[in-house]
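The block underneath contains the structure these notes are about, expressed in structure tokens.
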Amino acid sequence: MTTRLRRLMIRNHSFLQRVLVQHDRTLCFGNHNISTHRESIWNRNFKTKQCMGANSSRRELSTSFSKETAIQNILLEENKCRTLEHIPKMRSILPNEKATVGSAVLVPLCTVNGVPSVLFTLRSSRLKNHRGEVSFPGGKQDRTDRDIIHTALRETEEELGIPPSTVDVWGRLKPMPQRVAASTVVAVLGNVGEVDLTKLKLSPREVSAVFPLSFSHLLDPAHQRYTTMKQRHDTNFTYTLPVWLGGPHRIWGLTAIMLDQVLVAMATDWYKSVLRSSARR
């Protein structure tokens, strides 16, 4: 990264720029992050070895089948192992790796009528910040939370009524910057199984609606867009962010950035990230 870009980052703490400027730095996680939250240490070590010992046919799950078959199998154990192997190899979008983790969200992987999907929430109009925006269930970490995964599961139960014991936690993605400087949010991947939307117990104070989007929809280029923006005081600096259309609500902002990283991790052969930042001299 050039000295010019570093100075821009220091002067301007805008959220989108903090997300993108250091997109090329690599972050690795410890092995403890690739286990389900409710498993014993023995089971965690056993499953880690299973994933690490996966053969080449498992690692090439999505390339050995058609795209449709790969999407149908995207929530199976084989792709779970493949995803967890790929996460440490992903590039970091975190400007400050020393920033403290302040919040966590659960990315609810699920099936709806048997169709592999991702569950989204629409934030309540009663909330002070980001009202009416598409998001994932989550919130700030409490002092009583055991770890950041516990935060994501607790918040999900509070917002959607999904018990933590029913969530198969795959692992956590790399931290991402929030609008507040020196604080990050972590996206936790978790399979909540078959979902009946009518039986979810929504918290009206936090959630006004929920809706699923299938992986077929999310991985369809016809529904993928991007937006390129320029810095207000320096039009030579631009950044590109993903946007998803075609559903009941537009997906953009931090939720779109998280979704981008989820698809990079889970469907790397079928999805290419559009996150970019650049500067012209």
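Details
- Remark: spin-label model distance residue 223-residue 245 equals 1.4 nm, labels positioned 7 Å along the Cα→Cβ axis.
- For residue 159, solvent-accessible area (1.4 Å; no DNA, RNA or ligand), Å²: 10
- Here the accessible area of segment 152-274 is 53 percent carbon and sulfur, with a 1.4 angstrom probe and all protein chains present.
The values are calculated or read from the model by the stated rules, or taken from the named source; none is laboratory data. Because the structure is predicted, anything quoted here is derived from the model rather than measured. Quick reminder, even Gly has a Cβ in these numbers, built from the backbone with ideal geometry, and neighbours come from all protein chains shown. Note: accessible area is taken over every heavy atom of the protein model, side chains too, but ligands, DNA and RNA are not part of it. Shrake-Rupley method; radii C 1.70, N 1.55, O 1.52, S 1.80 Å.
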